[in-house]
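Reviewing the structure listed below.
Rule-based calculations on the coordinates, nothing more; no lab input. Since the model is a prediction, treat every value here as computed from it, not as a measurement. Note: ideal-geometry Cβ built from the backbone for every residue, glycine included; neighbour counts use all protein chains shown.
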Amino acid sequence: MPSTPPPAPTPTPTPAADAEKRASFEREALVHLDSLYRVALRLTGNPAEADDLVQETMLKAYRAWHQYEKGTNAKGWLLTILRHAFINEYRRRTRHPETVDLDAIEPFSVFEELQDDDPQGTFFDRIVDDEVLRAIDELPEQFRETVVLSDVEGLSYEEIARVLEVPVGTVKSRLFRARRMLQGKLYDYAVGMGYIKGNAT
Amino acid sequence: MNCRECTEHLYEYLDRELTPQVEQEIRQHLADCPPCGEHFDFERLFLDFLRARCRAQGAPSELKLRILRELFDE
């Protein structure tokens, strides 16, 4: 560590104000680092890009920390920043937004398919983490981000609607389709691996 | 509540997004209707499975150090 003091980042902050800002940021924002990373990884599909996206998100959040109302939903606030950064700067370089008509996708009921074979869904136990993450990564982006915010990060419909800037009804319908698509992918995988018999198609 | 109405609320029920009154009506239907009960159990198992498989991963420790350095040491 050099002995010279660090340059002041914002207009004339007092050392006490700086220390307070840092403490509140660590307490309310940095605790969500794992969540931000998981979401970034699913959005970008690439660990190096996810690192950069999360770092940029934290930097933007720290600069804008005075705008965050302390004690409210920091996780949602951070995820909104992360998603905007992703859309503006990363999506162009990594994945492309889908042009498919998502409403035209007919959800398939795995539960009904399993009736003669594995109605309790015990085949899930044999599917490892990487396979599940791969199936999520194959979902269309709008479904992927909804399922990650709900099923991985545990946000409520209302919180997801705020982060994605869509109505709650849209969150519900995306979540329904995303989960059914995911079940379909994992079912196909389990049939392919011979974990379940599957019906002839 | 009939089976179709119950199934329409499937994920809202499992995600705890319903009012206590509708939640209670569904719980009652599930208790009275084994096929719906099995379907809901399957979907709950699926959501638990998803959560368990996806939450293991966290941010790499180097990333945390990189961010701390960038925010506070420069």
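Odds and ends about this structure:
- Formal net charge of residues neighbouring A:SER35 (Cβ-Cβ distance under 10 Å; K, R +1; D, E -1): +1
- An ellipsoid equivalent to the stretch B:3-72, defined through the eigenvalues of its Cα gyration tensor, has semi-axes of 41, 14, 7 Å when rounded to whole angstrom and sorted largest first.
- Any cysteine of chain B lacking a neighbouring Cys Cβ under 4.7 Å - listed by number: B:CYS3, B:CYS6, B:CYS54
- Result for chain B in a Gaussian network model with C-alpha springs under 10 Å: among B:ARG44, B:ARG27, B:ARG55, the largest mean-square fluctuation is at B:ARG55.
- Principal axis dimensions, the stretch A:15-90 - Cα atoms, whole angstrom, descending: 40, 22, 21
- Modelled spin labels at A:VAL128 and B:ASP41, positioned 7 Å past Cα toward Cβ, are 3.0 nm from each other.
- The equivalent ellipsoid that matches the C-alpha gyration tensor of the stretch A:102-192 spans semi-axes of 25, 14, 12 angstrom, in descending order.
- Residue-averaged [θ]222 nm for the protein assembly as shown, counting only DSSP H segments that reach four residues, each worth -39500 (n - 2.57): -18500 deg cm²/dmol
- Shape annotation for the protein assembly as shown: C-alpha extents along the principal axes are 73, 43, 33 Å, from largest to smallest.
- Across the stretch A:127-132, rounded Karplus estimates of 3J(HN,Hα) from the backbone phi angles (6.51 cos²θ - 1.76 cosθ + 1.60, θ = phi - 60°) give 8, 7, 3, 4, 5, 5 Hz, Gly and Pro being marked x.
- ³J(HN,Hα) computed for each position of the stretch A:61-72 - Karplus, 6.51 cos²θ - 1.76 cosθ + 1.60, integer Hz, glycine/proline x: 5, 5, 5, 9, 4, 5, 8, 7, 7, 4, x, 8
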